[in-house]
């Protein structure tokens, strides 16, 4: 039995806001439970109603979070809208050793951190598969963001500026899926996941 088959793998999915990566990830998780699990990340924001510590997020105080940063306990961490978010090494390592496959929905910054870590980290080495969901064009992506009706024009423009940077980095991923529809995108990601398990 090879190393990837005996241990879990990490499937990392990125793409610009509005591309549908959260929907694709949730559908994939629903299909492959319990062998595929979402990585529970850490945050300094307060729990929302109904959220559970260790299930939705690991809710940490700012002091706890900073201590873990100083002790190199994160694979990646970032400041987003005034709150800290990060992926704990322990969260990934214990599940990989149990043979569980993990799914990460991260931005390009998070991808860069994981890619770099996989070059030296024995837990990630040979187990990371990265996928970028690529919009047909930026105008279509802007249309998706606008049709959601959840963001201001200013926020949409900010997301579009970020998307231009993200799209330019798609060639650094193992796979680039040209986004068409949720069904098409899910089918492509499912195929990549199943092939990675062989």
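Under the rule a/c < 1.5 gives rounded, and otherwise a/b versus b/c splits prolate from oblate, where does the stretch 1-97 land using the Cα gyration tensor? Oblate is the answer for the stretch 1-97, as a/c is 1.5 or above yet b/c matches or exceeds a/b. Calculated mean residue ellipticity, 222 nm, the chain: -13500 deg cm²/dmol, from DSSP H runs (n ≥ 4) at -39500 (n - 2.57) each, averaged per residue and rounded to 500.
Take the Cα of residue 52, go 7 Å toward its beta carbon, and none of the backbone nitrogen atoms of the stretch 73-113 fall under 18 Å from that spot. Taking Cα pairs under 8 Å and at least six residues apart, what relative contact order does the stretch 53-192 come out at, in percent? Taking the mean separation of contacting Cα pairs over the length of the stretch 53-192, I get 18 percent.
The chain gives an Rg/Rh value of 0.95, both radii derived from C-alpha positions and Rh following Kirkwood. Note on the stretch 116-198: Cα-Cα pairs beyond 22 Å make up 41% of the total pair count. Considering only DSSP beta bridges with both partners in the chain, what is the antiparallel share in %, to the nearest 5? Rounded to the nearest five, the antiparallel share is 30 percent.
Since every read-out is calculated from the coordinates, none of them should be taken as a lab result. Keep in mind that this is a model prediction, so the values were computed, not measured. FYI the Cβ positions are ideal-geometry reconstructions off the backbone, even for glycines, and counts take in every protein chain you see.
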